[in-house]
1. With B:M40, B:M15 as the choices, which residue is surrounded by fewer than 18 Cβ atoms within 10 Å (Cβ to Cβ), part of a loop (DSSP other than H, G, I, E, B) and away from chain A (no Cβ under 12 Å)?
2. Tally time: how many residues in region B:55-101 are among the hydroxyl-bearing types (S, T, Y), surrounded by fewer than 20 Cβ atoms within 10 Å (Cβ to Cβ) and at the interface with another protein chain (Cβ under 9 Å from one of its Cβ atoms)?
3. Would you pick out the residues in region A:69-110 that are over 15 Å from A:L59 (Cα atoms) and assigned to a loop (DSSP other than H, G, I, E, B)?
4. Quick one: how many residues across region A:2-51 are more than 23 Å from B:Y102 (Cβ to Cβ), among the small types (G, A, S) and part of a strand (DSSP E or B)?
5. Under 7 Å between Cβ atoms, at least 6 apart or on separate chains: pull out the pairs that start in region B:98-112 with a residue that is within 16 Å of B:A88 (Cα to Cα) and end on any residue that is surrounded by 16 or more Cβ atoms within 10 Å (Cβ to Cβ) and charged (D, E, K, R).
6. When you go through (1) closer than 30 Å to B:R9 by Cα; (2) touching a residue at least 60 places away in the same chain (Cβ under 8 Å) one by one for A:L32, which number turns out not to apply?
Amino acid sequence: KNEVEQSPQNLTAQEGEFITINCSYSVGISALHWLQQHPGGGIVSLFMLSSGKKKHGRLIATINIQEKHSSLHITASHPRDSAVYICAVGLADSNYQLIWGAGTKLIIKP
Amino acid sequence: DAGVIQSPRHEVTEMGQEVTLRCKLISGHNSLFWYRQTMMRGLELLIYFNNNVPIDDSGMPEDRFSAKMPNASFSTLKIQPSEPRDSAVYFCASSENWGTQYFGPGTRLLVL
């Protein structure tokens, strides 16, 4: 069993739909990261969180430490949101090591 | 700030040749990460520097790979000799200590 699991692996939705991507982990963490990788290959850090919720524009990330679960939500999705979304966790006993999820490939159709 | 800068963006070389990848950190950042991304293995941490010092190089595949930070803002990753299995996208990322990592655009390496 992977230490960081994302679901779904692939998601196709229509423009305007509310999107949820999930991340579950089985290790003790210091923080959880959500990143976005566009078809062109660039990787952008979206959020780094260790508790509660963060919001940036149409993106919302939540984390439940007790349940070891995080969600990334996209409201009013748009074709430009099409990308791979990656969850990564920073280990509690390491200040730099990240364990990466396999990513969720999101396609938003116009 | 221009963000993390990597060069070259694309590199095609023949097996056995030396390859040097370059990375310029964001000003003020003191942590530097080199990653390799392949379809089969996803993102793998190759080496981590903090304040110019290599802290963890356990991800460096073998002696053919070496990385340096000659100064606080610049790093190189060298592969000598290169092999076809080294073909991948190589990313560097920088951060302020252990904060959010900012990724460069990556170098797509193809070894024939």
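The values are calculated or read from the model by the stated rules, or taken from the named source; none is laboratory data. Because the structure is a prediction, the values reported are computed rather than measured. Reconstructed Cβ throughout: ideal geometry from the backbone, glycine too, with neighbour counts over all protein chains shown.
1. Details: B:M40 fails: away from chain A (no Cβ under 12 Å).
It is B:M15.
2. Of the residues in region B:55-101, 1 are among the hydroxyl-bearing types (S, T, Y), surrounded by fewer than 20 Cβ atoms within 10 Å (Cβ to Cβ) and at the interface with another protein chain (Cβ under 9 Å from one of its Cβ atoms).
3. Result: A:A92, A:D93, A:S94, A:N95, A:Y96, A:Q97, A:G101, A:A102, A:G103, A:P110.
4. Qualifying residue count, region A:2-51: 3.
5. B:T107/B:E11; B:L109/B:E11; B:L109/B:D86; B:V111/B:D86
6. (2)
Per-residue answers, yes or no, for (1) loosely packed, with under 15 Cβ neighbours inside 10 Å; (2) charged (D, E, K, R); (3) at positive phi:
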{"residue": "A:S45", "(1), (2), (3)": "no, no, no"}
{"residue": "A:G57", "(1), (2), (3)": "yes, no, yes"}
{"residue": "A:H78", "(1), (2), (3)": "yes, no, no"}
{"residue": "A:V89", "(1), (2), (3)": "no, no, no"}
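A quick yes/no check of all residues on (1) modelled with pLDDT of 95 or more; (2) more than 14 Å from chain B (Cβ to nearest Cβ); (3) under 15 Å from A:V89 (Cα atoms):
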residue	(1), (2), (3)
A:Y25	yes, yes, yes
A:G28	no, yes, yes
A:A31	no, no, yes
A:L35	yes, no, yes
A:G42	no, no, no
A:K55	yes, yes, no
A:R58	yes, yes, no
A:N64	yes, yes, yes
